[in-house]
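Some notes on the structure that comes next.
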Amino acid sequence: MAEMIKVGMADLKLCISPNSITTLGLGSCVGVAIRDTGNKVGGLAHVMLPDSKEIKNNTNIAKFADTGVEELVRQMEKAGARRNMMVAKIAGGAQMFAFQNDSPLVKVGDRNVMAVKKKLAELKIPIKAQDTGLNYGRTVEFYPETGDFIIKAVGKPPKTI
Amino acid sequence: MSELDLNNVDNMYYDVLKEVGNIGAGNAATALATMLQTKVDMKVPRVELVDFSEMGEALGGEEQIMAGIYLQIEGDLKGSIMFLLEEKSAHELVAHLMGQGERTFEEGEPFDEMEQSALKEIGNIITGSYLNSLSLLTNLKITESVPSLAIDMAEALLSVPAIEFGMLGDKMLLIQTSFSEDTDLNGYFILVPDLPSYTKLLKALGVMQ
């Protein structure tokens, strides 16, 4: 029986077909789903902040876009995935509230998305699809077998990208 | 100790934060009672440092729809405060406030513009009285920004304060309060002082030298 693996906030996990993997309620965080299109080894990271180097207390590498994506790819390679066969899909990075002024949270969603894209480009992993930004939360499900990335949001029909 | 690590908060800090939560929530209940012109009871709040990965569950499920009212804090303390209400409680409160009487609500039923501003006002009053008691207790000047409202999955709303806490550690301080008037209302406060403010707060409360 195929099971659905759950990834929490500031967390990452591997997922090998026929299993699927999910993370619930992405707000300003970004969900990064990667798979090897050949052997269907996949994984999902739920990153919260763009840059581990900006923060002193950075022991949880899954929390940051830079170190989180890197660690996910490392674990996938250890499980047999090949870098040149990897493709990614990303979702999240919303701005949940309207902030004024100079809050460090202004555009943190955008900055998370940009940081994820930068790291994926550095690792030469192409982004096949994305559903990012705007102002609502998203639950995602990823199927490494087909690459389907299902996005669910409150009051909206689910969509597959 | 010059710097505070939220992952190593000892019992004494914890008790103080809990007490602040208690007094603040008590005042918030009084404000709510005045607003609704009814008696409001409050249970002793639960104060917890929760791991990010367990937060959604602590609020009754990551995908539970909630109303989140978010305000930035200025003055001697800087940071933010968020008040979260379960969707059903939010509908009931608004209906009561607007004199709609009792009616049933469907899951996912949207709030119209009028109801949204009522919710913002509720959040404003509740967080305001909470911050007010904190200010009296500490002698620190605290002002708040205009409220911003979002109705969405708990985990998505929580990502905002979590990101602020994420700059400090891997846990978040959650104050859960249950109010009851005719029915039970479940509300949660999340207070996020920035790191210098945390130290200031604990010093003002005499817990830290």
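Readers should treat all values here as calculations from the given coordinates under stated rules, not as data from a laboratory. Keep in mind it's a predicted model, so treat the numbers as computed, not measured. Here Cβ is always computed from backbone atoms with ideal geometry, including for glycine, and neighbour counts include all displayed protein chains.
Estimated from the Cβ-Cβ distance and a Förster radius of 45 angstrom, the FRET efficiency linking residue B:41 and residue A:75 is about 0.35. Between rounded, prolate and oblate, where does chain B land on the alpha carbon gyration tensor, with a ≥ b ≥ c its root eigenvalues, rounded for a/c under 1.5, else prolate if a/b exceeds b/c? The shape class here is prolate.
Helix A:108-122 and the longest principal axis of the Cα set of chain A meet at an angle near 40°.
Calculate for chain B the 222 nm mean residue ellipticity that helices alone would give, adding -39,500 (n - 2.57) per DSSP H run of length 4 or more and normalising by residue count, nearest 500 deg cm²/dmol.
Computed ellipticity for chain B at 222 nm equals -14500 deg cm²/dmol.
Against the main long axis of the alpha-carbon atoms of chain A, helix A:65-78 sits at an angle near 10°. Among all helices in chain B defined by DSSP H, which have a length of 30 Å or more along the axis from Cα atoms plus a Kyte-Doolittle mean of at least -0.5? Qualifying helices: B:11-36, B:113-138.
The value of relative contact order for segment B:6-204, using C-alpha pairs under 8 Å at least six residues apart, is 36 percent. Listed from fewest to most Cβ neighbours within 10 Å, the set A:6, A:152 follows the order A:6, A:152. Backbone amide hydrogens, once placed in the peptide plane, bring residue A:26 within less than 5 Å of A:138, A:139, A:140, excluding anything fewer than 5 places away on its chain.
List the residues, sorted by chain then number, that are 5 or more residues from residue A:11 or on another chain and whose placed amide H is less than 5 Å from its amide H. Those qualifying (amide H under 5 Å, at least 5 residues apart or on another chain) are A:46. Remark on residue A:41: its backbone amide H falls under 5 Å from those of A:36, a criterion applied only to residues 5 or more positions apart or on other chains, H modelled at 1.01 Å from N. Measuring r between the beta carbons of residue A:59 and residue A:156 and using R0 = 45 Å, the FRET efficiency lands at 0.80. Put in line by how crowded their Cβ is, counting other Cβ atoms within 10 Å and starting with the fewest, A:26, A:49, A:120, B:134 read A:120, B:134, A:49, A:26. Considering only alpha-carbon pairs that sit under 8 angstrom and 6 or more positions apart, the relative contact order computed for segment A:10-98 is 38 percent.
Residue A:80 sits among other residues whose Cβ lies under 14 Å from its own Cβ, and their net charge, with Lys and Arg +1 and Asp and Glu -1, is +4.
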